[in-house]
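Reviewing the structure listed below.
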Amino acid sequence: MAEKFTVIQSGFTALERIQGILAEPIEIRDPVAPRSLPADGRGEIRFEGVWFAYKPNEFALQDVNFVVAPGEKVALVGPTGSGKSTIARLLCRLYEPTRGRILIDGVDIRDLPQAELRRHVGTILQDAFLFSGNVIDNIALGDDYRFEEVVAASQQTEIAPFIEQLAEGYFTQIRARGTNISGGQRQLLALARAAIRKPRILLLDEATSSLDTATEFVVQRALTELLRDRTAVTIAHRLSTIRNVDRILVLRRGRLVEEGTHAELLALGGLFARLYELEQIGP
Ligand SMILES: Nc1ncnc2c1ncn2[C@@H]1O[C@H](COP(=O)(O)OP(=O)(O)O)[C@@H](O)[C@H]1O
Ligand SMILES: [Mg+2]
């Protein structure tokens, strides 16, 4: 009896926690009068006077203004805690600006249904989350894609050869923690997941920072292919990996403080140049 009582008790505790989550108010909702992105839009991003605070009056972003042109590749850099990931979270509307607005192809993202926003803004994070299910499930994520589309996306992102040598190919089960798949392969799978949706914009938050140099090379090559003709915002810790972007935005304590090409920013001799110098010296 005493033993069972403990089990029941911990069951109640779990139930209470679940109830807490369910009772959490949903702050981000689909608009009442939703709009669509213009069919001929090519992925312009515009931040207009964006302020954001996680906690009242502690602003993680302060008056951030920038435009990323369609097809342009921009990198966000800055010290830890400067607000890089916050910009990424606002762009995919995990949070909403406290003040100001964010436009994609001229449309305020608050006026877009969330499903549409997710389709057009592909995100690739540091550690791709894998679900227990087969390879196809992990690429299609419950959306209706034909088998050929899954294969095409896998080929485009260089993960196809790996999938094909698995015991059951595309039908091989993947374990949730991804123990039967390496870090690099996880990232390639995440690229395939993005590729199949043909997003206008790709958002990369330290997508290659957890990989060793050899794997990073393969992922980087697949990534370059995926980014072709798409707008991309890359958050990078290692400044050496963003040499090829068109423009770099430098953040410091929630404000944009510098912007320019790699060479321009080095010549400027400001924060970017200092961060770069520190990296050259090494950890
Ligand atoms: N979920 C959160 N709740 C409260 N504060 C947060 C949260 N996430 C980030 N912050 C704070 O916001 C600031 C910016 O964080 P972040 O955008 O994650 O920085 P970065 O990605 O540049 O390292 C930091 O001061 C951080 O402590
Ligand atoms: Mg971050």
Listed by chain and number, the residues whose amide H is under 5 Å from that of Ile248, excluding neighbours fewer than 5 places away on the same chain and using placed H, are Ala75, Gly260, Thr261
Only helices counted: for the chain, with every DSSP H run of 4 or more residues adding -39500 (n - 2.57) and the sum spread over all residues, [θ] at 222 nm is -11000 deg cm²/dmol
per DSSP, antiparallel bridges as share of beta bridges in the chain, % nearest 5, sits at 55 percent
Most fluctuating of Arg101, Arg255, Arg228 in the GNM of the chain (C-alpha, under 10 Å) is Arg228
Once phi for every residue in segment 155-164 is put through the Karplus expression 6.51 cos²θ - 1.76 cosθ + 1.60 (θ = phi - 60°), the whole-Hz ³J(HN,Hα) values, with Gly and Pro written as x, are 5, 4, 9, 6, 8, 3, x, 5, 4, 5
Assertion target for Ile136, Ile104, Ile196, ordered by fewest C-beta neighbours within 10 angstrom first, is Ile136, Ile196, Ile104
Most fluctuating of Leu266, Leu91, Leu76 in the GNM of the chain (C-alpha, under 10 Å) is Leu266
With 0.36 nm assigned to each residue of separation and the Cα-Cα distance removed, Ser36 to His237 gains 68.9 nm
Extension length gain for Thr261 and Asp127 (0.36 nm per residue less Cα distance), in nm, is 45.4 nm
One checks the Cα atoms of the chain and finds Rg and Dmax, in Å, of 21.0, 75
Env charge @ Gly184, Cβ radius under 9 Å, K,R +1 / D,E -1, value -1
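Taking segment 1-73, which GluC sites (Glu not before Pro) meet the DSSP loop condition and have no more than 13 other C-beta atoms within 10 Å? Please list the in-between numbers first.
Numbers: sites: Glu3, Glu16, Glu27, Glu44, Glu48, Glu58, Glu72; in loops: Glu27, Glu44, Glu72.
Here the sparse-neighbourhood loop sites are Glu27.
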Once the in-chain neighbours fewer than 8 apart are removed, the lysines whose Cα is under 25 Å from Lys84 read Lys55, Lys73, Lys198
With 0.36 nm assigned to each residue of separation and the Cα-Cα distance removed, Ser209 to Asp143 gains 20.9 nm
In nm, the gap between the two label points placed 7 Å beyond Cα toward Cβ at Gln155 and Leu22 is 4.7 nm
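Sorted by packing (mean other beta-carbon atoms within 10 Å per residue), highest first, where do 146-156, 272-282 land? Please report the intermediate quantities before stating the final value.
Numbers: 146-156: 16.3, 272-282: 12.7.
Packing proxy ranking, top to bottom: 146-156, 272-282.
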Here FRET efficiency (C-beta to C-beta, Arg228 to Thr98, R₀ 41 Å, nearest 0.05) is 0.70
With +1 at each Lys and Arg Cβ and -1 at each Asp and Glu Cβ, the charge dipole magnitude of segment 140-261 around its Cα centre, to the nearest 20 debye, comes out at 500 debye
Note, segment 79-93: 3J(HN,Hα) by Karplus (6.51, -1.76, 1.60, θ = phi - 60°), whole Hz, Gly/Pro = x, goes x, 4, x, 7, x, 4, 5, 5, 4, 4, 5, 5, 5, 9, 6
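Rule-based calculations on the coordinates, nothing more; no lab input. Small disclaimer: the values here were computed from a predicted structure and weren't measured. Virtual Cβ from ideal backbone geometry, glycine too; neighbours counted across all protein chains shown.
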